[in-house]
Amino acid sequence: MAPTQGPRAPLEFGGPLGAAALLLLLPATMFHLLLAARSGPARLLGPPAYLPGLEALWSPRALLLWLAWLGLQAALYLLPARKVAEGQELKDESRLRYPINGFQALVLTALLVGLGMSAGLPLGALPEMLLPLAFVATLTAFIFSLFLYMKAQVAPVSALAPGGNSGNPIYDFFLGRELNPRICFFDFKYFCELRPGLIGWVLINMALLMKEAELRGSPSLAMWLVNGFQLLYVGDALWHEEAILTTMDITHDGFGFMLAFGDIAWVPFTYSLQAQFLLHHPQSLGLPMASVICLINAIGYYIFRGANSQKNTFRKNPSDPRVAGLETISTATGRKLLVSGWWGMVRHPNYLGDLIMALAWSLPCGVSHLLPYFYLLYFTALLVHREARDERQCLQKYGLAWQEYCRRVPYRIMPYIY
Ligand SMILES: NC(=O)C1=CN([C@@H]2O[C@H](COP(=O)(O)OP(=O)(O)OC[C@H]3O[C@@H](n4cnc5c(N)ncnc54)[C@H](OP(=O)(O)O)[C@@H]3O)[C@@H](O)[C@H]2O)C=CC1
Ligand SMILES: CC(C)CCC[C@@H](C)[C@H]1CC=C2C3=C(CC[C@@]21C)[C@@]1(C)CC[C@H](O)C(C)(C)[C@@H]1CC3
């Protein structure tokens, strides 16, 4: 019998039944999107134009390529880091150490790919392999999550996550049991969250751009915008890598199928949907519209980065001159809550910025199809759900002080609307 934790955390995602449904629904949605993007009608809703047979999904070449990719990213993770950061304090009062070399991994990957291309590596052939690659990524996520589930059987109770230890194997497999599964210095969750999937997303986007250049003589302006915006997002995440150590995924959520599949399969193959759509459904975009879209992305990025940096600076050192003048509320835990600046505008200004950027990533695809807006729709649902989970945790942590914060900053994500 798997060890469970003290008082049981309330079940999320509809409990074991919801988790079982999501185990099937998430991969099915990803394949539906991959197929829809390359089909003529590109319908988000409705059945796919065709169902691929096993021969279209299984390819030993894709498996080799995928394993080589994971191996390369793991090797880059193990290279000497410019800094080693400490994570948040754990239940046993210890802190884990994490290498800060994600941006270095991005640059080295770009150099290696560049070298490979000059030696004849056909990056433009990658879009043809998306289906089999997504298939092996999904298989890897299932096998890896099984390994994580087994590994948690022998982990001490103090290493388990607050959720994901209900005793129901399907639910726990989905949510993840161990908080920070590691082998020596190699932290699986931290590695997966920022490396193979996020850098893979940029590489797939670039391959789609190259393929478009092959097909049409040069990449379209819409393709350049999508590539540029998403490269900025990934580059920013890796540049501010340390900030991930205070996110809910690292500090609260166990590492199971949801995050493993999300990180290594869902992110690269569905977050590149706009570029996939543009390869098969070229859009003409004029300079005035492109400028408006760039402005929308810049506003979103400004809010996203401003809010995330303000909170990280404040959490690291509340007397830092950049945040020392902001108004705060004291809590019984000794930690303070910001009530002015970005965090005085709404309770999740970083989500607002992220959503505005999501809109800017879809607009270059025009308004003739709903498919490229999938990311915006999914992301809105994800962030609304995430916001509710975070509120519950903060209310538990900060009690009356959190209620006071909610009274002073009544809107959650969008001022005067939500
Ligand atoms: N592209 C994608 O698919 C996804 C992107 N994201 C992005 O990841 C980023 C991180 O998001 P996430 O981890 O959900 O949460 P946040 O970075 O918003 O962190 C929430 C935590 O911040 C602290 N906090 C809340 N309010 C205040 C305040 N007023 N003053 C000081 N601290 C406060 C609390 O923790 P404590 O008090 O313990 O410090 C709270 O638990 C966001 O920008 C989000 O948009 C998230 C999910 C998916
Ligand atoms: C498959 C499911 C429907 C849900 C899986 C969710 C995951 C894909 C996301 C959960 C939190 C994430 C974050 C990022 C990527 C998506 C996942 C893994 C993030 C790394 C993107 C870049 C940002 O700058 C960030 C703030 C570092 C993000 C952290 C959370």
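Of note:
- Test for Asn312: is it among the polar types (S, T, N, Q), within 25 Å of the chain's Cα centre (by Cα) and modelled with pLDDT of 95 or more: no
- The set of residues from the stretch 313-326 being in a helix (DSSP H, G or I) and open to solvent by 30 Å² or more (accessible area, probe 1.4 Å) comprises Arg315, Lys316.
Yes or no, residue by residue, for (1) more than 16 Å from ligand 2 (Cβ to nearest atom); (2) under 27 Å from Glu214 (Cα atoms); (3) not assigned by the TED database to the domain that holds Ile199:
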{"position": "Tyr271", "(1), (2), (3)": "no, yes, no"}
{"position": "Leu295", "(1), (2), (3)": "yes, no, yes"}
{"position": "Ile303", "(1), (2), (3)": "no, no, yes"}
{"position": "Phe314", "(1), (2), (3)": "yes, no, yes"}
{"position": "Asn317", "(1), (2), (3)": "yes, no, yes"}
{"position": "Arg347", "(1), (2), (3)": "yes, no, yes"}
{"position": "Asp354", "(1), (2), (3)": "no, no, yes"}
{"position": "Phe379", "(1), (2), (3)": "no, no, yes"}
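- Test for Asp253: is it within 15 Å of ligand 1 (Cβ to nearest atom) and in contact with a Leu (Cβ under 7 Å, 6 or more places away or on another chain): yes
- Subset of the stretch 247-257 [open to solvent by 40 Å² or more (accessible area, probe 1.4 Å) and within 10 Å of ligand 2 (Cβ to nearest atom)]: Thr247
- Lys91 satisfies every condition listed in (1) buried (at least 16 other Cβ atoms within 10 Å of the Cβ); (2) within 16 Å of ligand 1 (Cβ to nearest atom) except (1).
- Flag for Tyr375 being out of contact with any Phe, Trp or Tyr (no Cβ under 6 Å at 6 or more places or on another chain), hydroxyl-bearing (Ser, Thr, Tyr), over 23 Å from Ser309 (Cα atoms) and within 15 Å of ligand 2 (Cβ to nearest atom): yes
- Test for Lys397: is it open to solvent by 40 Å² or more (accessible area, probe 1.4 Å), of a type outside the set (Phe, Trp, Tyr), near ligand 1 (Cβ under 9 Å from one of its atoms) and out of contact with any strand residue (DSSP E or B) (no Cβ under 8 Å at 6 or more places or on another chain): yes
- Every pair of residues 6+ apart whose Cβ atoms lie under 6 Å, when the first sits in the stretch 355-377 and is under 23 Å from Arg412 (Cα atoms) while the second is aliphatic (A, V, I, L, M) and modelled with pLDDT under 95: Phe374/Leu44
- Checklist (1) under 30 Å from Ala207 (Cβ atoms); (2) within 15 Å of ligand 1 (Cβ to nearest atom); (3) open to solvent by less than 20 Å² (accessible area, probe 1.4 Å) applied to Leu352, failing item: (1)
- Scanning the stretch 102-126 for residues that are touching a residue at least 40 places away in the same chain (Cβ under 8 Å) and among the polar types (S, T, N, Q) gives a single hit, Thr109.
- Meets criteria (among the charged types (D, E, K, R) and free of Cβ contacts under 8 Å to residues at least 60 places away in the same chain) for Glu55: yes
- Which listed residue, of Ser284, Ser291, is open to solvent by 20 Å² or more (accessible area, probe 1.4 Å), more than 16 Å from the chain's Cα centre (by Cα) and either free of Cβ contacts under 8 Å to residues at least 40 places away in the same chain or within 16 Å of ligand 2 (Cβ to nearest atom) (or both): Ser291
- Of all the residues in the stretch 11-20, those that are part of a helix (DSSP H, G or I) and either assigned by the TED database to the domain that holds Ala265 or not aliphatic (A, V, I, L, M) (or both) number 3.
- Taken over the stretch 355-392, the criterion of being away from ligand 1 (no atom under 15 Å from the Cβ) and open to solvent by 50 Å² or more (accessible area, probe 1.4 Å) is satisfied by Val367, Ser368, Leu370.
- Residue, farthest from Leu273 (Cα to Cα), within the stretch 16-50, restricted to residues that are in contact (Cβ under 8 Å) with a residue 12 or more places away in the chain and open to solvent by 90 Å² or more (accessible area, probe 1.4 Å): Tyr50
- One residue alone among Ala9, Ala42, Ala49 is hydrophobic (A, V, I, L, M, F, W, C) and at pLDDT 85 or above, and that residue is Ala42.
- Residues that are in a loop (DSSP other than H, G, I, E, B) and either closer than 15 Å to Ala401 by Cα or open to solvent by 10 Å² or more (accessible area, probe 1.4 Å) (or both), drawn from the stretch 327-347: Glu327, Thr331, Ala332, Thr333, Gly334, Arg335, Val339, Ser340, Met345, Arg347
The values are calculated or read from the model by the stated rules, or taken from the named source; none is laboratory data. Quantities reported herein were computed from a predicted structural model and do not represent experimental measurements. As a convention, Cβ positions derive from the backbone with ideal geometry for all residues, glycine included, and neighbour counts pool all protein chains shown. SASA here: full protein model, heavy atoms, side chains in, ligands and nucleic acids out. Shrake-Rupley method; radii C 1.70, N 1.55, O 1.52, S 1.80 Å.
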